[in-house]
Every structure is written in C-alpha cells, then in structure tokens.
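Below is one structure, written out as structure tokens; comments come after it.
Where a number appears in this text, it was derived from the coordinates with a stated rule and is not lab data. Quick caveat: nothing in here was measured; it's all calculated off a predicted structure. Cβ atoms come from the backbone with ideal geometry, glycine included; neighbour counts cover every protein chain shown.
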Amino acid sequence: MKIQMTVNGVPRENDVEPRTLLVQYIREQLGLTGTNIGCDTSSCGACTVHVNGESVKSCTMLAAQADGTSVTTIEGLAKGDQMHPMQEAFMQNHGLQCGYCTPGMVMAAISLLEENPNPTEEDVRIGLEGNLCRCTGYHNIVQSVLAAAKK
Amino acid sequence: MIPAPFDYKRAGSAAEAISLIGQYGDEAKFLAGGHSLLPMMKLRLAQPAVLIDIARITDLSYIRESGDHIAIGALTRHHDVENSPVLKQHVPLLAHAASHVGDPQVRHRGTIGGSIAHADTASDLPATTLALGATYVVQGPNGTREIAAKDFYKSYFESDLAPDEMLTEIRVPKMNGAGWSFQKFNRRAQDWAIVGVAAWRRGNESGVGLVNMGPTPILASAVSSAIAGGASVADAAALATAESSPSSDLNASAEYREHLAKVLVRRALEQSSN
C-alpha cells in the first residue's frame, strides 16, 4: 500500500506492506537509524518518536497508521550544528551512559515538557515511566530534563 | 518481531466499519490505537487476515456532558480521558484511572473503547467503568444496543460484543461528589496491576471494581451490600474476594492476590470515605 508522511520536515511517499511497523519504515526504508529498537514489545521506549508532536512507541504502530501524519525522529531535532535544548541538557548533565535509550529518552522528554513545561522531579520520573535505561542512569536523565525545563 | 501478513482497510465511519467487518467476518479485527492488538499480533497470538483501522473515525472521539452521565466516544484516547476537564469534574475516578494506563506513549495511542472491547481482566478501565456502573453502547448491522458493564464481560478477553458489532460509546454516571480511590499494585513501572481496585462511596452507596481477580473484571457486590447495611470499612473489605476467582501466575499466587484484594479494598474504602 502507498503511504505518505512528513518525516523531519521532508515529505515522504513509499509503498509498504501493511504489516510494516513505523520503526521499521523509519530505520529500513528511510535509513534513519537514530531511532533504536530495544525490547520490541512497547515496554522500553527506545523507539520513541513524535507523531503529530506527541510521543509514541514506533515499534507498536504500523507505518500505515502514521499515513498522513507529521513524524519527528531524533535526527529531526538539531538545526545544523545547533542542538535541541533537550539534547544540550542531556550532554551538559551527562544524561547518558551507554546511550542506547537516549534517543527515546530525549523524544519522550520533549513530549513531556510540551504537556507540562514546569515539571517537578516526581513529574519527570512518572512522565518517563515508559522509557527504560538499562545502565540505570536515571538520576542524570531526570536532572537533564529538569535543566531543559529551566531553559 | 513483525506481525503475520494481513490486508489493511481504513473505515471512515462506524457504518463503514460495521459493513467491512460484516464482509470479512471472523477473519477481521478492528484496529483502534493498537496497543493491545499489535503486541498480540507481533507474538502471533492473534493473526487476523484483515485489519479494519477505525482510529480515524473522528466523530467517535468526544467527551460530552449529557444529563446525569458523561458520554465518551469509544475512540477517545487515554490521554484525552486523563486530561478532560469534564471528567475531572464529574467522574474524577475515571480520569485518574486513565492516567495509570501504561505510560504516556501508550496513552497517546490507546483508546478507552479499545481497552474495554479487548476485555482484559488485568486492564484498569474495564474494572473502573464497571465500578462506576457504566453502560456501553454498541452498534451492529441492525442498529445500536446498550449493555450494562456488569453484563458485558464474559471470560478472559471475551465480551458480549457480537463479531459484527462495534463499541461506540461509554456512558458513565456522574459521581456527584462521591469520594473515590484507585489502588494499583504492581512491582514495576508501567506494568499491569497484580491486583487493582477502583472504588467510590457516597454515604451508604458505593461501587468497587477489582482488576485481575478472575477471568473478568469483578464487581465486588458483597462489599457494597455490607457498606449499604452499615458495616465498617474493615468488615466490608473482608468480603472483597466473595465474587472473585483469581489465578496464580509468575507475579503472584491466587492466595496472595486474595490477600492483596482485601488490603487494597480496605485502603480504597478508607480513602473514599473521607
């Protein structure tokens, strides 16, 4: 089937099998491999992207369901060399260890601040419930999000 | 993990969706947010030949005040239930329970109707709407009918919905200032409840729904009868398992679940009674 969507501002149109997952489409068909596949069971959040500005787990969505939407992945955040404030905050606060969960964490965190621009530490911890860090580096991740909220 | 192949159809209206499901019969499944169905398809626990995507039937996404109840379109997302000012005012228990479904990403996609039609005893909203005395409106080829939540759930993942019917609306009575509590006991973030309790109380009237305490969500009627008869919270909570038949799994034995249900019902009633 034919689908079309805007990904990181670029209009895309492709033929896909109906069973194609959004994450597969993003990684394999568009070659945007910044979005990671972690658990593949909608638990870990590594595959988090934005669909129409809201965080979703792209392993649990069909590309067909995103037909006609606007999708943002981790590659779509920076403007040239200028990092997104959330990326900047993760860098400055050492909000990562191995980095595998980071793209999903950053995307979930941006969506969280969209909905709650002045979160408490507890709001951030609950708001990132859908993203797991196997390095268990949650402390600095939470500090990063709080720092980004202050910017 | 990729689902087995299927044909994808998109319905623009409830009538079109029902016509399509009539055409494809048992081979087809409705796809709303997909956050219960797609994981099952990826694990090959479900292999529908046709998916009928109903998520774009936008006129089934609404929350409206309607006399003594609030009418919620079946395709309203958990995120919208959780943040609805109308529900926060009139049915705060439901708005709060919706905020405990999965995680934010899941709530951006999953729908209240999808959760109820999936009829998972471990889900939060079936038991919550059951406790609240909700009515479900379903549409089929011969028109609509209303099903009381207490008559809807039949067994594990089985409901009174006929194969050619679609859940279109959830009607939840206004709580009229009743006290309420939602207790969800789990060990890990974003998990299903090992046991959950949704409860409200207004004087001697009450409703108590149990999550994951049997093949279906359970209405703990014995607890409400005891409260109506003037029993103390502790005595009423001791009857929490009168109607339940929990199973044992990796998370908990049946005995542990029964113990938990009594403790959580007591806490829920204490909180609702204040």
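For region B:1-126, calculate the relative contact order in percent as a whole number, restricting contacts to Cα pairs under 8 Å that are 6 or more residues apart. List each step's numbers first, then the result.
Values: 211 pairs, mean separation 29.3, N = 126.
Relative CO of region B:1-126 lands at 23 percent.
Sequence neighbours fewer than 8 away in the same chain don't count; with that in mind, list the aspartates and glutamates whose C-alpha is under 16 Å from B:K9.
A:D15, A:E17, A:D67, B:D26, B:E27, B:D53, B:D164
Please find, in a Gaussian network model of chain B (springs between Cα atoms separated by less than 10 Å), the residue of B:S181, B:S19, B:S206 whose mean-square fluctuation is greatest.
Residue with maximal mean-square fluctuation among B:S181, B:S19, B:S206: B:S19.
For B:E169, which sequence-distant residues (separation of 5 or more, or a different chain) have an amide H within less than 5 Å of its own amide H, given hydrogens modelled in the peptide plane?
Long-range HN contacts for B:E169: B:A74, B:V137.
Taking amide H atoms as placed 1.01 Å from N in the peptide plane, list the residues 5 or more away in sequence, or in a different chain, whose amide H sits under 5 Å from that of A:L62.
Under 5 Å from the amide H of A:L62 lie the amide H atoms of A:L22, each far enough along the sequence or on another chain.
Using a Cα-Cα cut-off of under 13 Å, which aspartates and glutamates could be cross-linked to B:K42, ignoring same-chain neighbours fewer than 8 residues away?
Filter leaves A:D40.
From the phi of every residue in region B:147-164, what ³J(HN,Hα) in whole Hz does the Karplus formula 6.51 cos²θ - 1.76 cosθ + 1.60 yield, where θ is phi - 60° and glycine or proline is x?
Whole-Hz 3J(HN,Hα) from phi for region B:147-164: 10, 5, 3, 5, 9, 7, 8, 10, 6, 3, 6, 10, 10, 6, 5, 6, x, 9.
Got a sec? How would A:T48, A:T69 order by Cβ neighbour count within 10 Å, fewest to most? Write out the running numbers ahead of the final one.
Values: A:T48 33, A:T69 19.
Exposure proxy ranking, most exposed first: A:T69, A:T48.
For chain A, what does the helix formula give at 222 nm: sum of -39500 (n - 2.57) over DSSP H segments with n ≥ 4, over the residue count, nearest 500 deg cm²/dmol? Each step should come with its number before you reach the end.
On the way: 4 runs with 42 residues, N = 151.
For chain A, the value works out to -8500 deg cm²/dmol.
Between region B:107-136 and region B:178-198, what is the C-alpha centre distance in whole Å?
Using only Cα atoms to place each centre, the spacing works out to 14 Å.
Mind checking the mean number of beta-carbon atoms from other chains within 10 Å of the Cβ atoms in A:104-113? Could you put the intermediate results ahead of the total?
Numbers: counts 1, 0, 0, 1, 3, 0, 0, 3, 1, 0.
Taking the mean over all residues of the peptide, I get 1.
Hey, can you grab everything whose amide H is under 5 Å from the amide H of A:T48? Only 5+ residues off in sequence or another chain; H modelled, so Pro and N-termini drop out.
Counting only residues 5 or more places away or on other chains, the set is A:S58, A:G104.
For chain B, what does -39500 (n - 2.57) per DSSP helix run (n ≥ 4), summed and divided by total residues, give at 222 nm, in deg cm²/dmol to the nearest 500? All intermediate terms of the calculation are to be shown ahead of the outcome.
On the way: 12 runs with 92 residues, N = 274.
Mean residue ellipticity, 222 nm, calculated: -9000 deg cm²/dmol.
What relative contact order, as a whole-number percentage, does region A:17-151 give when Cα pairs under 8 Å and 6 or more residues apart are counted? Working shown, then result.
Details: 221 pairs, mean separation 36.1, N = 135.
That works out to 27 percent.
Compute the relative contact order of chain B as a whole-number percentage, counting only Cα pairs closer than 8 Å that sit 6 or more residues apart in sequence. Let's see the in-between values first.
Numbers: 633 pairs, mean separation 42.5, N = 274.
Once normalised by length, the contact order is 16 percent.
Charges on Cβ only, +1 for Lys and Arg, -1 for Asp and Glu, centred on the Cα centroid of region B:234-274; of B:A268, B:A237, B:S248, which one is farthest towards the dipole's positive end?
Working it through, the farthest residue towards the positive pole turns out to be B:A268.
For peptide A:56-63, what's the mean number of Cβ atoms from other chains within 10 Å of each residue's Cβ?
Details: counts 7, 8, 1, 4, 12, 7, 9, 0.
Mean inter-chain Cβ contacts per residue within 10 Å come to 6.
With the cut-off at 1.5 for a/c, could you classify the protein assembly as shown from its C-alpha gyration tensor as rounded, prolate or oblate? Before the final figure, lay out each step's value.
Details: a/c = 1.91, a/b = 1.31, b/c = 1.46.
Verdict is oblate for the protein assembly as shown.
Got a sec to turn the phi values of region A:143-151 into Karplus ³J(HN,Hα) couplings, 6.51 cos²θ - 1.76 cosθ + 1.60 with θ = phi - 60°, whole Hz, x for Gly and Pro?
These are the phi-based 3J(HN,Hα) values: 4, 4, 5, 5, 5, 5, 5, 6, 6 Hz.
Viscosity 1.002 mPa s, temperature 20 °C: Stokes-Einstein D of chain B from its Kirkwood Cα radius, in µm² per second?
Numbers: Rh = 18.9 Å.
Estimated via Stokes-Einstein, D reaches 114 µm²/s.
From the phi angles alone, apply the Karplus equation (6.51, -1.76, 1.60; θ = phi - 60°) to region B:71-76 and give each ³J(HN,Hα) in whole Hz, x where the residue is Gly or Pro.
Taking θ as phi minus 60°, the curve returns 9, 10, x, 4, 9, 6 Hz for region B:71-76.
Using the 10 angstrom Cβ neighbour count as an exposure proxy, how do B:R201, B:R188, B:R266 rank, fewest first? Before the final figure, lay out each step's value.
Details: B:R201 24, B:R188 10, B:R266 21.
Going from sparsest to densest Cβ surroundings: B:R188, B:R266, B:R201.
Once you compute Rg and the Kirkwood Rh from C-alpha atoms, what is the Rg to Rh ratio for region B:7-53? If you can, show how the numbers build up before the last one.
Numbers: Rg = 10.4 Å, Rh = 10.8 Å.
Ratio of gyration radius to Kirkwood radius for region B:7-53: 0.97.
What lysines does A:K79 reach when the alpha-carbon gap must be under 19 Å and sequence neighbours fewer than 8 apart in one chain are set aside?
A:K151
Under 1.5 on a/c is rounded, so check that first for region A:65-149, then, if it is not, pick prolate when a/b is larger than b/c and oblate when it is not; a ≥ b ≥ c are the square roots of the alpha carbon gyration tensor eigenvalues.
Numbers: a/c = 1.43, a/b = 1.28, b/c = 1.12.
Verdict is rounded for region A:65-149.
What's the average, rounded to a whole number, of partner chain beta-carbon atoms within 10 Å of each residue's beta-carbon in B:108-115?
Values: counts 12, 9, 1, 0, 0, 0, 0, 0.
Other-chain Cβ atoms within 10 Å of each residue's Cβ, averaged: 3.
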